[in-house]
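The structure appears right after this line, and notes come after that.
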Amino acid sequence: MYQITKIFLFPISLIFGFITSLRNFLYDFEIIKSKKYRTKIISVGNLIMGGSGKTPMVEYISKYFIRKNKNFSIISRGYGRKTKGLFVIGSKDNYTTVGDEPIQFFNKFSKYCKVIVTENRNLGLLLNDKNEIDYAILDDAFQNRSFESNYRILLSSSQKPFYSDHIFPLGKLRESKSNAIRADILIFTKCPENLTKQQSNDFVYKSRKFLGRNVPILFSCIDYKKPIKIFGNKLSKNVVAISSIAYPNDFFEYVEKKFKLIDRIQYPDHYIYKKIDLENLIKKLDQNISILTTEKDAVKLCEYEDILSSYDVYYVPIKTKFLFKKELSPYLNKI
């Protein structure tokens, strides 16, 4: 059955690959020209569809710019929002108007930068130039060739390395793995914290032929922090874990190690919760069972105070942790 499906998907994958390759060809030979901006652009992205740790990487860069007192903005598409057009996020916005990840950025960094959502990233960059913003961090923009990036950060999950994948729909790649050549740096994310040097050398060896000469390769893992309260008074050892992120297995595994997992509930990435979802959720709870969720889900669940405020609801913050004492920050210094 798998082989039959593979044979059926192969020609579709070829067509998809041809279209993306043609588009890249037009930009590579300047038949279509990328726009230039005064603002220095850092594009964070991946080759696959779905999560490779872009959100914590954008937060890492943002914290670096804050420490360095840089004038910057974050520009996101605002995937999953119910609106269209350009928004500079304000206090009245929520995940339905601008998307879950941009609200997460706004909650953390609004004192230090503007967070902008727009389908057309060039509109956001024009706004940056108009306001004389020095740096723009673009979330999920590795495939966007309509502007010239000053630094392209390519992320690849160590659990599904880009070099072992195939073009959609045969695999999860948005474009050919050969396009990793555009990267200024490659970072393998979601690595085990005990990744050995021998294992990392294998990643390096298999990646190197797709990269430009002397492109750095770094390794990072997810660092889970102490759970933070959304509602309630005390986090129980017994929890129902709920997630609407792309690849939640790491989150569920963390919860199972630290808590007694009563049930796990998984929704699609960027899922917009409905009232009935949460009413069904609280049926699983009592005074000895709490809800534990991801940081991205927290910006959505906090909007349901009328349903959840009587229960203990917590989220697990995460951040990027680099391995082998090799950080991204020295490379950001050079931009």
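The values are calculated or read from the model by the stated rules, or taken from the named source; none is laboratory data. Just so we're clear, the structure is a prediction, and the values are computed from it rather than from any experiment. Backbone-built Cβ (ideal geometry, glycine too); neighbour counts: all protein chains shown. When the accessible area is computed, the model is the full protein with side chains, heavy atoms only, and any ligands, DNA or RNA have been set aside. Shrake-Rupley method; radii C 1.70, N 1.55, O 1.52, S 1.80 Å.
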Any hit, segment 101-111, residues being in a loop (DSSP other than H, G, I, E, B) and open to solvent by less than 80 Å² (accessible area, probe 1.4 Å): yes
Enumeration of residues in segment 112-148 that are open to solvent by 10 Å² or more (accessible area, probe 1.4 Å) and among the aromatic types (Phe, Trp, Tyr): TYR112, TYR135
Only one of ILE262, ILE276, ILE307 that is in a strand (DSSP E or B), of a type in the set (Val, Ile, Thr) and more than 19 Å from the chain's Cα centre (by Cα): ILE262
Segment 66-83: number of residues that are aromatic (Phe, Trp, Tyr) and either open to solvent by 100 Å² or more (accessible area, probe 1.4 Å) or over 16 Å from SER149 (Cβ atoms) (or both): 1
Among (1) within 20 Å of LEU195 (Cβ to Cβ); (2) open to solvent by 30 Å² or more (accessible area, probe 1.4 Å); (3) within 21 Å of the chain's Cα centre (by Cα) - the single one LYS257 does not satisfy: (3)
Of residues in segment 311-326 being assigned to a loop (DSSP other than H, G, I, E, B) and in contact (Cβ under 8 Å) with a residue 24 or more places away in the chain, the one most open to solvent (accessible area, probe 1.4 Å): LYS326
Any hit, segment 321-332, residues being under 16 Å from VAL255 (Cα atoms), of a type in the set (A, V, I, L, M, F, W, C) and in contact with a strand residue (DSSP E or B) (Cβ under 6 Å, 6 or more places away or on another chain): no
Test for PHE252: is it touching a strand residue (DSSP E or B) at 6+ places or on another chain (Cβ under 9 Å), part of a helix (DSSP H, G or I), in contact (Cβ under 8 Å) with a residue 12 or more places away in the chain and open to solvent by less than 50 Å² (accessible area, probe 1.4 Å): yes
Tally of residues being outside any loop (DSSP other than H, G, I, E, B) and either open to solvent by 50 Å² or more (accessible area, probe 1.4 Å) or farther than 23 Å from LEU9 by Cα (or both) across segment 149-179: 9
Residue satisfying condition, being more than 20 Å from ALA141 (Cα to Cα), in a loop (DSSP other than H, G, I, E, B) and in contact with a strand residue (DSSP E or B) (Cβ under 7 Å, 6 or more places away or on another chain), within set LYS82, LYS92, LYS70: LYS70
Residue count, segment 180-208 (criterion: in contact (Cβ under 8 Å) with a residue 24 or more places away in the chain and either surrounded by 18 or more Cβ atoms within 10 Å (Cβ to Cβ) or among the basic types (Lys, Arg) (or both)): 15
Neighbours by Cβ (under 8 Å, 6+ apart or cross-chain): first from segment 136-150, over 11 Å from ARG77 (Cβ atoms); second open to solvent by 20 Å² or more (accessible area, probe 1.4 Å) and part of a strand (DSSP E or B): ALA136/LYS40; PHE142/ARG152; SER146/LYS35; PHE147/LYS35; GLU148/LYS35; ASN150/LYS40
